[in-house]
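Just so it is clear, none of the values below were taken in a lab; they were calculated from the coordinates. From a predicted model like this one, the values you see are computed outputs, not experimental measurements. All Cβ positions, even for glycine, are placed from backbone atoms using ideal geometry, and neighbour counts span all protein chains on display.
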Amino acid sequence: SQTIHQWPATLVQPVGSPLSLECTVEGTSNPNLYWYRQAAGRGLQLLFYSVGIGQISSEVPQNLSASRPQDRQFILSSKKLLLSDSGFYLCAWSSGSSWSEQYFGPGTRLTVT
Amino acid sequence: QKEVEQNSGPLSVPEGAIASLNCTYSDRGSQSFFWYRQYSGKSPELIMSIYSNGDKEDGRFTAQLNKASQYVSLLIRDSQPSDSATYLCAVLLGAGSYQLTFGKGTKLSVIP
């Protein structure tokens, strides 16, 4: 069966510091990978998605970036965090078809102070 | 702006009753529809997917889709206190899209 991991589970970072969140998927190959953010009082917002190694699509302009160095690894980064970057960051995967179901990891709760 | 709308609630139902959750979407080209359950502080969990008009049943859950009315709903029969959570409607907007657009969710409270 497929498993998706995210770490760290929680993170408190000062404004202006860098960020690196990691997501890995087990039990499947060539998954589509996604990064979402859920801010307090707001809905889930798609940040990035990837259909293959090195292929990243950005949905929202921001100071975040994403990379996919390996087939089942997805990384979310920032060089300088803003207060507005606080939120619940969720990684998700789906099989190759664009219409298929997306499954979420446990998430990383980020607080920028 | 392509949107997915849900009543934010809270929706309160007594234990054993039917809970009805509703969602409307703006893009007529949407093909895939999903319901997620999210407990407080946890990540969303997929509970139902529906792709064609009509009803789809899975245990106590029934998803209903009406593409002409751009409306999707989730019925929970014999509601239990453990069903208390926020339910998120998600829509893949447009054919071939990878982008799931979520509603803001409806908070359900099942009263023992």
If every alpha-carbon in the stretch B:11-112 counts as one equal scatterer, what log10 I(q)/I(0) does Debye give at q = 0.21 1/Å? -1.06
Calculated from backbone phi, Karplus (6.51, -1.76, 1.60) coupling profile of the stretch B:51-65 in Hz, x at Gly/Pro: 10, 10, 4, x, 10, 9, 10, 8, x, 7, 9, 10, 9, 10, 10
Testing the spin-label approximation: label points 7 Å from Cα along Cα→Cβ at B:Glu3 and B:Lys67. State their distance in nm. 2.4 nm
Where a label projected 7 Å from the Cα of A:Asp71 along Cα→Cβ would reach, residues of the stretch A:13-53 with amide N under 16 Å: A:24-33, A:51-53
Computed magnitude of the charge dipole of chain B (debye, nearest 20; Cβ of K, R +1, Cβ of D, E -1): 200 debye
I'd like the distance between the alpha-carbon centres of the stretch B:1-48 and the stretch A:1-77, rounded to an integer number of Å. 23 Å
Lys and Arg at +1, Asp and Glu at -1: add these up for the other residues within a Cβ distance under 11 Å of B:Leu21 and post the number. +1
Name the residue from B:Tyr98, B:Gln38, B:Tyr87 whose Cα lies farthest towards the positive end of the charge dipole of chain B, charges +1 on Cβ of Lys and Arg and -1 on Cβ of Asp and Glu. B:Tyr98
Which of rounded, prolate, oblate describes chain A, given a ≥ b ≥ c as roots of the alpha-carbon gyration tensor eigenvalues and a/c under 1.5 marking rounded, otherwise prolate only if a/b is larger than b/c? prolate
32 Å Cα-Cα threshold exceeded, pairs from A:Lys79/B:Lys67; B:Lys67/B:Lys104; A:Lys80/B:Lys104; A:Lys80/B:Lys107: A:Lys79/B:Lys67; A:Lys80/B:Lys107
Lys and Arg at +1, Asp and Glu at -1: neighbours of A:Val25 with Cβ under 9 Å from its Cβ sum to -1
Report, as an integer, the average count of C-beta atoms from other chains found within 10 Å of each Cβ along B:97-105. 6
Expressed as a whole number, the average count of other chain Cβ atoms within 10 Å around the Cβ atoms of A:32-44 is 3
If R₀ is 35 angstrom, what is the calculated FRET efficiency for the pair B:Ser12 and A:Trp7, using the beta carbon separation as r and rounding to 0.05? 0.45
At q = 0.08, 0.11, 0.15 Å⁻¹, base-10 log of I(q)/I(0) for the protein assembly as shown (Debye sum, equal scatterers on each alpha carbon): -0.29, -0.55, -1.01
Among the aspartates and glutamates, which fall within straight-line cross-link reach of B:Lys42, defined as a Cα-Cα distance under 16 Å, with same-chain neighbours fewer than 8 residues apart omitted? B:Asp83
